[in-house]
Amino acid sequence: MRYAETGFNLEIDLTRGNIEKVATDPRDTELYLGGLGTNTKILWDRVGPEIDAFSPDNLLIFAAGLLCGTPATGCNRTIVSTISPMTKLMVFSMMGGFWAPELKYAGYDKVILKGKSSDLVYIYINNDKVEIRDASHLSGKGALETGELLKEELKQPKAQVAAIGMAGENKVYYASIEQGRSSASRGGIGAVMGDKGVKAIVVRGTKDIYVAEPEEYIELCNEVLKYIRFREENPIPGVMAILSRLGSPQEMAVHDEKWHTENFSWGNSRTRRKDFWTEEVEKEWTETLENARTRLISCYNCPMKCGATLSLEGLPTYMMKCFTKLTYTMGAFSNLEFGLRIAQKATEYGVDGYSAPQVMAFALELLDDGILTDKDFPDMPEDTEGRFYYLLDKIVRREGIGDVLANGTHWAGKEIGNGAEAYAHNNIKKVEQLPLKLFMMNPIYYLMYCTGEKMNITQIEGQFPQAPFPKREHREKFVKDWFQVPDEKFKQIFLDWEMRGDKNVTPFYPTIEMTCDIVDWQERMHYIDDALGLCAGLSSFHLKPPYHMHNLPKFITAGAGLEMDEEKLTKAAKRYRTLVRSVNILRGMRRKDEVPPDDHWKKRFPELEKELLDTYYQYKGWNDDGIPTKETLDELGLDYVSEEFIKRGILTDKEAVKETK
């Protein structure tokens, strides 16, 4: 009997119209856990490097994490994986809400789409009943609108719907998949869904999920809930509001935006407005959010209220969470009212709330500097807000200049030419990043930005404080109950980190070796969350979270029935994290791709940066070009990867022999 998981994937060949329920190998769960881990193994096995994002042979995988659907608080993440049209690499994006647990209750761990439908369709899953249905009547409909229409059409008000909007249908490279309370946004996952001709996947499930040791599992769950209550009553002092408490960054509950608006960059990620946040702005924005916010809401089986339903006059109600609250506002140099209004339209269209505003600001900057001209923007309004609406419409429809901008700043810059490439200045691995430009290079963030393959810093950082506390007495108080650390050395590293002085200050402290330890720990926790289906807001993103390296093995043992301890879990996470990298290495990613934006920090240290990357590569078991070595691969049971690398000349026999001596 399988515990926590169903043991079945749903495979749908859209070209042939074939639907198959496929039993999975429990050994894969032991090695790769679930969610991202097993998604990656499937992509390695079945999607070779010659297959591009819009090939019928590309797969689009929707996975429920291993512990989704169990009583574990906050275990509700859907992990969507495919090949990205934007990066040409493997991409994976997580969405919360209720979709993943519903899929488990319908009897499946994953939905795997392959091939392409010649007509627009949607997929209806109701326990053992699975159908491919005509969706021509939904063409051009908004993503959220589609969900409501399908629930009404099917007379299934409790069904969960993951859908694309017009951006996905038209294969915009940063199109998202929306599902009511969350979205999978990064890397153009929605474009792949649109290319396959799938408008939506509707799921309704009423089956049971079993855990291996119910009594022990419920006890673990209760301990987590007890700790969440403690943290809510005892926020961490000395850090920004969205980090002092738990939950996915609770932008919708926060009114003080001084830090974001004065430290993040406006427009095309260039302009810092150090004196922007005034009493007048705070009053105006507070009133805007209070008037728009209907209520705070949670995802499945979670007490945190990280999102909010927003109702603005003349617009349908929609859900928002996290930093999209500010991206359109800051991209257009506007106010919060504008940002919330255009975000509603963008959500229905289904676009990434990080990339889309930067692409539009990029286009207007090119116009201001004469690289694009008025002829490229016929009938565009004069005001910036009107221009953002104009560009959004052009992009999602791929009309005129919008057809170029729909491919993101990297590819648009290349196509436009005449120096436009330099304006795509805020990318890593071809993906637009948070508009954050700082003064002093931070070694921890340097490594996370360079080597992260999640394409989003908020899905890499966490666990370790972002900066030192001013006084040692504050640091001593912080580490006193910091039981989540995997090793006591992290407490000492933080205790000795000074804000200013002659030693132990950024960028030369934490030391290179310490930095490698910190980055590896933070990354490991995110990768574990992405296999288990855990929300990072209760685990990897936060300081002192309820889920950590000491209790997660117990959850896996009691929930899934796998004999797990901290050492085994660390190795499993390293195994599928290395496999993610191996997929991308096979697709051409190398050290040359692992660089932050040139202007991310004003003060840079080239020699230190080179040493950081050299040391971290060695720490991770990768060679000087960032390729996992044969020794590393074989130790992780990934000998099939090393064999493929040698066969393709990525690793040489000479290198392999050298390692064994």
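Below is a table of values for the structure above.
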quantity	calculated
Candidate residues LYS325, LYS171: accessible-area rank, largest first, probe 1.4 Å	LYS171, LYS325
Sorted peptide list for 613-623, 569-579, criterion being average Cβ within 10 angstrom, highest first	569-579, 613-623
Proximal charge balance of GLU102 [Cβ under 9 Å; K/R count +1, D/E count -1]	+3
Selection of trypsin sites (Lys or Arg not before Pro), segment 400-488, meeting DSSP coil and at most 12 other Cβ within 10 Å	LYS471
Residue pairs, from the table LYS196/LYS568; LYS321/LYS602; LYS471/LYS603; LYS226/LYS480, whose Cα atoms sit over 28 Å apart	LYS196/LYS568; LYS321/LYS602
Local electrostatic count, TRP521, Cβ distance below 15 Å [Lys/Arg +1, Asp/Glu -1]	-2
Mean-position separation - Cα centroids, segment 31-58 and segment 359-381, in angstrom	38 Å
Dipole in debye (nearest 20) - the chain, about Cα centre, beta carbon charges: Lys, Arg +1; Asp, Glu -1	420 debye
MET380, MET193, ranked by accessible area, largest first (probe 1.4 Å)	MET380, MET193
Share, in percent, of DSSP beta bridges within segment 1-133 that are antiparallel, nearest 5	85 percent
Accessible-area order (highest first, 1.4 angstrom probe) of the listed residues GLU365, GLU563	GLU563, GLU365
Whole-Hz ³J(HN,Hα) from phi, Karplus 6.51 cos²θ - 1.76 cosθ + 1.60, for segment 47-55, glycine and proline x	10, x, x, 7, 8, 9, 4, 9, 7
Separation between Cα centres of segment 482-527 and segment 547-572, rounded to whole Å	24 Å
Cβ-based charge dipole, the chain, positive-most Cα from TRP482, ALA560, GLY353	ALA560
Lysines with Cα under 21 Å of LYS571, excluding same-chain neighbours fewer than 8 positions away	LYS41, LYS454, LYS489, LYS554, LYS620, LYS630
Estimated 222 nm signal from helices in the chain, with DSSP H stretches of n ≥ 4 weighted -39500 (n - 2.57), rounded to 500	-12500 deg cm²/dmol
FRET efficiency estimate (nearest 0.05) - Cβ-Cβ, VAL505 to VAL479, R0 25 angstrom	0.85
Segment 318-444, accessible area per residue, ligands and nucleic acids excluded (1.4 Å, Å²)	33 Å²
In Hz, Karplus ³J(HN,Hα) per residue of segment 28-34 (6.51, -1.76, 1.60; θ = phi - 60°; x = Gly, Pro)	5, 5, 4, 8, 10, 6, x
Segment 262-333, dipole about Cα centre (Lys/Arg Cβ +1, Asp/Glu Cβ -1), debye to the nearest 20	420 debye
10 Å beta-carbon shell around LEU326, net charge (K/R +1, D/E -1)	-1
Net charge dipole size for segment 1-141 [Lys, Arg +1 and Asp, Glu -1 on Cβ; Debye, nearest 20]	260 debye
Packing-based order for 498-508, 154-164, 33-43, 529-539, using average beta carbon neighbours within 10 Å, highest first	529-539, 33-43, 154-164, 498-508
Per-residue SASA entry for CYS75, accessible area with 1.4 Å probe, Å² rounded to 10	0 Å²
Reciprocal of mean inverse Cα separation for segment 385-445 (Kirkwood radius, Å)	13.2 Å
Accessible-area composition of the chain, carbon plus sulfur, in percent [1.4 Å probe]	48 percent
Dipole of the chain [Lys/Arg +1, Asp/Glu -1 at C-beta], most positive-end residue of GLY197, TYR328, ALA420	GLY197
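The values are calculated or read from the model by the stated rules, or taken from the named source; none is laboratory data. Note that the structure is predicted; figures quoted are calculated from it, not measured. So basically every Cβ, Gly included, is an ideal-geometry build from the backbone, and we count neighbours across all protein chains shown. Only protein heavy atoms, including side chains, enter the accessible area calculation; ligands, DNA and RNA are left aside. Shrake-Rupley method; radii C 1.70, N 1.55, O 1.52, S 1.80 Å.
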